[in-house]
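Written out below as structure tokens is the structure these notes cover.
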Amino acid sequence: MFPELNNLLNTTPEGAEQGKLTLLCDAKTDGSFLVHHFLSFYLKANCKVCFVALVQSFSHYNMVGQKLGVSLTTARERGQLVVLEGLKSAVDIFFRPQEEPHPLQFLREANAGDLQPLYAFVRDALEPVDCGEAAWRCPVLLVDDLSVLLSLGVGPVAVLDFVHYCRATVCREWKGNVVALVHDSGDAEDEESDVLLNGLSHQSHLILRAEGLATGFCKDVHGQLRILWRRPLQPTTPRDRSLTYQYKIQDKSIFCCEPSSEPYSL
Amino acid sequence: MAAAGTCGTGTRSTGSMVAAASTNNVTSFQRRGPRASGADSGCSRLVSIAGTRPSVRNGQLLVSTGLPALDQLLGGGLAVGTVLLIEEDKYNIYSPLLFKYFLAEGIVSGHALLVASAKEDPADILQKLPAPLIDDSYKKECDEDVCSHKMEPDIKMKIAWRYQLLPKMEAGPVSSSRFGHYYDISKRIPQELIETSKWHGFFLPEKISSAFNVESCSLTPGYMKLLQFIQNIIYKEGFDGSNPQKKQKNILRIGIQNLGSPLWGDDICCTENCDTSHSLTKFLYILRGLLRTSLSACIITMPTHLIQNKAVIARVTNLSDTVVGLESFIGSEKETNPLYKDYHGLIHIRQIPRLNNLIYDISDVKDLAFKLKKKLFTIESCMDVRVGL
């Protein structure tokens, strides 16, 4: 996790809030550093994490996780982390037909129906076990990323249904958290992506949006991070607070600063 | 010559290795690192695959794209297990060159090739590959190689020594362990190099039978067959580590030409809302899954300028690892622009993957232009020209 980002979000692994849907969004840049942050954050917070990794292989996340101070292989062996590797599973489903239902079995079908097998997988992975041997703090579902599901033929409504079911079970029932990454296609006129993004933005408690700079590529500033707090859990706090920072990603950390008002300052 | 000396002792000490791999004459001339001998040869074997080198940043295994200038822009080369997507220029004049460089580099480095095309027979594509350039230092080393070993039986070609050297170049230690070569586009690759290389061809009209059964999956039949073909080769030849008998690891270079064009049976370039709109993206996803679990690298050229639906282009970019776009000046107003008068087009590095890392090597130079000279394809920054004006 990035301590700087924790400061901006005003959270610590010990005091992480529960029952929240966090939406990670990127536009014209790569927002995967946010996924790495939340993955390591919740593992350090001693939560049980179900990670649906659809974009990269497990070893990629593991190597970055080690830079951020967590070992995914150890967490997986301990039972704290359950990973669904999309790329590897896709090859297995496609070339070696399975008898039992697989979470990603919609890949084999011509019309991808719904994501019910995937939801069943998440539910089985995060179901709180009552034997009480290793009490994890709260269940967390992390998805990287939902836009890939659109590319694989799942409709945006089916993806929204999946998130709704997960929220009802993980957030409401089990007081856990859901974090998902969605790409904002910007001016690419991707209607399905817009439907998904708008639908999720409405439901989220916290939105982190990584944007590329409007002025183009810059060596010192990789992008702009907008943090939007929505739907506060306490009715007394003011609604919809938002902050904007500019960030630069370094090898093991991230450097954030306030956006400068002068166009020529460094 | 030091190179020839280490090569000689290397082959003698790892005698069993040579015997086992004697069928593939490239492997016996593998140059070993100083620590790689005996017990350690297991893990070092991966590093010492011909034509690869580890990345400076994260130790990721890289292969050359065939254009050293492009390797530099991509942070050292193309990572093994990833997809390089070339967005074709408007009249498809320059993107086939990058495709051919990639394949030619594979032949020279001794990698296995898999060439897929719906338009041209892969055997014809291989015939038209550019010839590798032999520079002077190369020639000297190969000369001394011949003198010290004295094992070439055909000494009849004393005058035409260049031709005698060419087959040796493929098996020679200097060439196969070098990363990135230069090619002469005006000449064809020598026939001997093609014949000694291991290649598999996929020509769509031959593979699609007239009475095809409609698959239940939403992939078009052409993509389906191609995926099965690739998976078959990877599995049979052991590129995914499934065949433990294979002692010597090698890289499989996959080249797919004009993916997404109507010749592949995909109408994504013809209409905006097509029935098979997810076929291409699903294909890319599963292909990437195959590549990640095997020792292979893939180049795909795609006519993205023909795709009607911009959303699909964005999705295709997200599903690929490295994306390079070519924009030629032919027929555009940039042709008469004095800024670009020395160049034939612009090259855009649209995406570079962050693999096993939070950051990546990105070149500071953004305005890159390419130029096709008589023998070479060069990439330069066109910023210098601007200063002159």
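The values are calculated or read from the model by the stated rules, or taken from the named source; none is laboratory data. Remember, it's a predicted structure, so these values are computed and weren't measured experimentally. When we count neighbours, we look across all protein chains shown, and the Cβ atoms used for this are built from the backbone with ideal geometry, even at glycine.
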Got at least one residue in the stretch A:46-65 being outside any helix (DSSP H, G or I), over 15 Å from the mean Cα position of the chain (by Cα) and without any contact (Cβ under 8 Å) to a residue 60 or more places away in the chain? yes
Tell me yes or no: at least one residue of the stretch B:199-215 is buried (at least 21 other Cβ atoms within 10 Å of the Cβ) and either modelled with pLDDT under 90 or basic (Lys, Arg) (or both). no
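Is it the case, given these coordinates, that residue B:64 is modelled with pLDDT of 90 or more and farther than 25 Å from residue B:263 by Cα?
Here the answer is yes, as residue B:64 does meet what is asked.
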Residue B:339 passes all but one of the listed conditions (1) part of a helix (DSSP H, G or I); (2) within 14 Å of chain A (Cβ to nearest Cβ); the exception is number (2)
So is residue A:70 more than 10 Å from chain B (Cβ to nearest Cβ), surrounded by 19 or more Cβ atoms within 10 Å (Cβ to Cβ) and closer than 26 Å to residue A:222 by Cβ or not? yes
Of (1) among the small types (Gly, Ala, Ser); (2) within 21 Å of residue B:71 (Cβ to Cβ); (3) without any contact (Cβ under 8 Å) to a residue 60 or more places away in the chain; (4) within 14 Å of chain A (Cβ to nearest Cβ), residue B:296 satisfies all except one. Which? (3)
Does the stretch A:40-54 contain any residue that is farther than 21 Å from residue A:209 by Cβ, within 14 Å of chain B (Cβ to nearest Cβ) and either modelled with pLDDT of 90 or more or touching a helix residue (DSSP H, G or I) at 6+ places or on another chain (Cβ under 6 Å) (or both)? yes
Positions within the stretch B:301-321 being β-branched (Val, Ile, Thr) and surrounded by fewer than 23 Cβ atoms within 10 Å (Cβ to Cβ), in sequence order: B:304, B:307, B:313, B:317
Test residue A:155 against the criterion of being within 13 Å of chain B (Cβ to nearest Cβ) and under 19 Å from residue A:54 (Cβ atoms), and give yes or no. yes
Where residue A:144 falls short, out of the listed (1) in contact (Cβ under 8 Å) with a residue 40 or more places away in the chain; (2) within 14 Å of chain B (Cβ to nearest Cβ); (3) among the charged types (D, E, K, R); (4) out of contact with any Phe, Trp or Tyr (no Cβ under 9 Å at 6 or more places or on another chain): (4)
Within the stretch A:172-192, of all residues that are assigned to a helix (DSSP H, G or I) and touching a Lys or Arg at 6+ places or on another chain (Cβ under 7 Å), the one surrounded by the most Cβ atoms within 10 Å (Cβ to Cβ) is A:188
Can you tell me which residue within the stretch A:238-266, out of those that are polar (S, T, N, Q) and modelled with pLDDT under 75, is farthest from residue A:10 (Cα to Cα)? A:265
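Give the residue, chosen from A:58, A:33, that is over 23 Å from residue A:164 (Cα atoms), aromatic (Phe, Trp, Tyr) and either away from chain B (no Cβ under 14 Å) or surrounded by fewer than 23 Cβ atoms within 10 Å (Cβ to Cβ) (or both).
One residue alone meets the criteria, A:58.
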Examine the stretch A:118-131 for a residue that is on the phi < 0 side of the Ramachandran plot, touching a residue at least 24 places away in the same chain (Cβ under 8 Å) and within 14 Å of chain B (Cβ to nearest Cβ), and state whether such a residue exists. no
Spot the failing condition for residue A:82; the list is (1) under 15 Å from the mean Cα position of the chain (by Cα); (2) surrounded by 22 or more Cβ atoms within 10 Å (Cβ to Cβ), and only one is missed. (2)
Could you please give the count of residues in the stretch B:352-369 that are farther than 15 Å from residue A:219 by Cβ and facing another protein chain (nearest Cβ under 8 Å)? 5
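Among the residues of the stretch A:17-31, is any polar (S, T, N, Q), touching a residue at least 12 places away in the same chain (Cβ under 8 Å) and in a helix (DSSP H, G or I)?
Taking every residue of the stretch A:17-31 in turn, none turns out to be polar (S, T, N, Q), touching a residue at least 12 places away in the same chain (Cβ under 8 Å) and in a helix (DSSP H, G or I).
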